[in-house]
Each structure stands twice: as structure tokens, then as C-alpha cells.
Amino acid sequence: MDAPLLLGVEIGGTKFQLGLGRGDGRLMALERRAVEPAHGASGILSRIPEILDSLLGRVGVTREAIDAVGIGFGGPVDAARGIVTRSHQVPGWDEFPLADWARQTLGMSRIVIHNDADTAGLGECRFGAGVGLSPVLYITVGSGIGGGLIIDGQIYRGAGAGALEIGHLWVIDRSTSDLDVVKLEDIASGWAIGATARRYAESHRTGGRDDWLVLKLAGGDPSRIDAALVAEAARQGDREAHFLMSKAVYAMARGLNQAVTLVAPRRIILGGGVSRSGEDLWLDPIRAQLDILVFPPFRGTFDLVPTALGDEVIVHGALALARDAAEADAREPMR
């Protein structure tokens, strides 16, 4: 007999995804859409029902076939109440009752919601780079920076509001003469790298210079500059672009050092869009800096690897959440 059909949902700052599966590490169908922040939360919510029906049509079932829904949300959540606390990238999510919305709009009763980094970490530990290891620290570096700690295959949420929000650690920005102290997310996230590069581009243009490689890659339009273009320019040898990536690398290593000192993970998994910058620009330099900074007795007790599940990691984690919820309810009458 097949395991129940499950729905996994990712709602992020730049994209949202819906996937169908059985919580076994395989996807039966997946749909991905870009987020338009100007349209707010309602812009995402209004599209979910039609995308879901499209998915269901592809596998030949109706909504009634779905046993449970897992949602990984890009921001802090109250998992116990199924409420989104807020989004740092998209307006309209403050104190939003997402679980109730899903029950009423999608017609499904079994809904579980967690932060996206927690959800992704769970996915990696069940099906990806963290299988068989504990504790595992998962970090996603995309439009923001989130973290999740998985212990013995379960999400650790501290006192209940969440844990390992590494993007909000304070680190030193050594690129300025004043040695500014900033949040890790404000220097090493994809959004921060892109915003700094756009400021650089505008200063180049103000100074009569339009020859900066990053600006050329953006077709001369500073508004098109993002972290991916900065990474590409750095790979082509542009010194300023390499400096911007190095700033993020150093800050990331500082943040990870604090996390390692506190929780001593067996493995660190780096995911998110910025982590696709590659081993040479991102992972290897972070490993080298972290090895210098780390508390000496912990050196060699952990490793740092990329995500194994790629862009679908949060959907896989959401399906794992849904399967856990379905199995817990199935055991309920036996207590």
C-alpha cells in the first residue's frame, strides 16, 4: 500500500514552490514561481490554489487525496499556532494565520508550518547531506540568512519561538575604517551583496566610469545587479567584485564560528542562492577562515558541505513535516 499523498510548500522572499510526494525523498510533481514583493503576501496566496490544482491534475487526483500539508516559510513563525510572525522581504505577512488560511482555502485539515531554514535542515537530514549525522547545522544564504539545528532527525526550536537565527548574529565589517558591527544578514546575504554592488555601480557612474565589469554584466543597468553577477565578475578576475565576495565570506565565517562554539555541530550544510557561487568563491574560503577562527578543541570535529537537495530542499523538508504529522495522527488512537 502506498504511503499517503502529501503536499510540500515553500514560501520565500524570491520564490515559492509547491510539490507533491510521499515524504520519501522523491517528488511526484513540482511547480515553482517567482515572488513579486510589491504584490505582498496576497500576491502569493492568490496563486497557490490554481498552482495546486495544476499539480493535482498532473498526477490525476483531487485535493481530497492529500493527507497532510507541510509549509516552510521564509521568516519567523509560531509553529505551535500555525502563524507567520513576519517576513523580512515581503510585506503583508505580520501575524498571518497561515495554517487557518490553508485549511479554509485549500480544504485540508492537517497543516504544519515551520521556518524555511528549519524545514530545509530537516529535509537534508532525512534525504540529503545530513543523513545519519547529528547535530546538523543547516544555513541558507539567499535573500536573507537563516539557520536551523537538527538533532537526532528532529528540528530544535529552543523555547518554542525558534533557534539558530544565525543571520541576526552581530559580526564585524572589516571593510570600513571604523570596523562597523552589523548583522550577518546585512553583509553576507544575497540581498546585501547585491545592494552594496549597486551602490558601487552608482558611484562609478557618478565618477564618469561605466567600465566596471559588474555593471557591464548587468547591461549598464545598476538595478539589475545581484549577488550572482557579483560572483560571476569575481570569477572573471574583477578585483572589486572579489572584494565584495570576500567581505561576505569573512562575515559568514565569523557567524559560523560563533554557532560552532555554541552548538558544536557534526556537520554544517550551506544552501541558498549565494552558496551556488561555488567552492572556489564561497565554500573553500569559508572553510579556510573558519579553520583559523574556530575554538581549537573543536577543530576537525565537523565539516562544511553544500546542500545535496538543491533548490527543492525546502519542499523535501516540508513533505517530511507533512509525513510526520500524518504518522503522528495515525498513531493517536493507539495511545
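Can you run phi through the Karplus equation (6.51, -1.76, 1.60; θ = phi - 60°) for region 270-282 and list ³J(HN,Hα) in whole Hz, with x for Gly and Pro?
These are the phi-based 3J(HN,Hα) values: 9, x, x, x, 5, 5, 6, 4, x, 4, 5, 9, 10 Hz.
Normalised by the number of residues in the chain, what is the relative contact order in percent for Cα pairs under 8 Å and 6+ residues apart?
In percent, rounded to a whole number, it is 21.
What value, in deg cm²/dmol to 500, does the helix sum -39500 (n - 2.57) over DSSP H runs of n ≥ 4 give at 222 nm once divided by the residues of the chain?
-12000 deg cm²/dmol
Tell me, what HN-Hα J-couplings in whole Hz come from the Karplus equation 6.51 cos²θ - 1.76 cosθ + 1.60 at θ = phi - 60° for each residue of region 59-69, using x for Gly and Pro?
Here the 3J(HN,Hα) series is 9, x, 9, 10, 4, 4, 6, 7, 8, 7, 10 Hz.
Amide H neighbours of Ser87 under 5 Å, counting only residues 5+ apart in sequence or on other chains, H built in-plane at 1.01 Å?
For Ser87, the qualifying residues are Trp93, Asp94.
Specify the inter-centroid distance of region 191-264 and region 311-329, based on alpha-carbon positions, in whole Å.
So the two Cα centres are separated by 35 Å.
Rg to Rh for the chain: what is it, with Cα atoms only and Rh by Kirkwood?
Result for the chain is an Rg/Rh of 0.99.
Put +1 on the Cβ of every Lys and Arg and -1 on every Asp and Glu Cβ in region 131-307; which of Pro297, Gly273, Trp191 then has its Cα farthest towards the positive end of the dipole?
Checking the options against the dipole of region 131-307, the answer is Pro297.
State the dimensionless ratio Rg/Rh of region 129-197 (Rg: radius of gyration of Cα atoms; Rh: Kirkwood radius).
Checking Rg against Rh, the ratio lands at 1.08.
Checking the a/c ratio against 1.5 first, then a/b against b/c, what shape does the Cα gyration tensor give for region 147-296?
Prolate, because a/c is 1.5 or more and a/b exceeds b/c.
Give me the distance between the Cα centres of region 17-61 and region 100-115, rounded to whole Å.
Spelled out, the Cα-based centre of one part sits 14 Å from the other.
Classify region 257-333 from the C-alpha gyration tensor, please: rounded if a/c falls under 1.5, else prolate or oblate depending on whether a/b exceeds b/c.
Verdict is oblate for region 257-333.
Rule-based calculations on the coordinates, nothing more; no lab input. As the structure is a computational prediction, the values presented were derived from the model and not from experiment. Cβ sites come from the backbone with ideal geometry, for glycine too, and all protein chains shown count toward neighbours.
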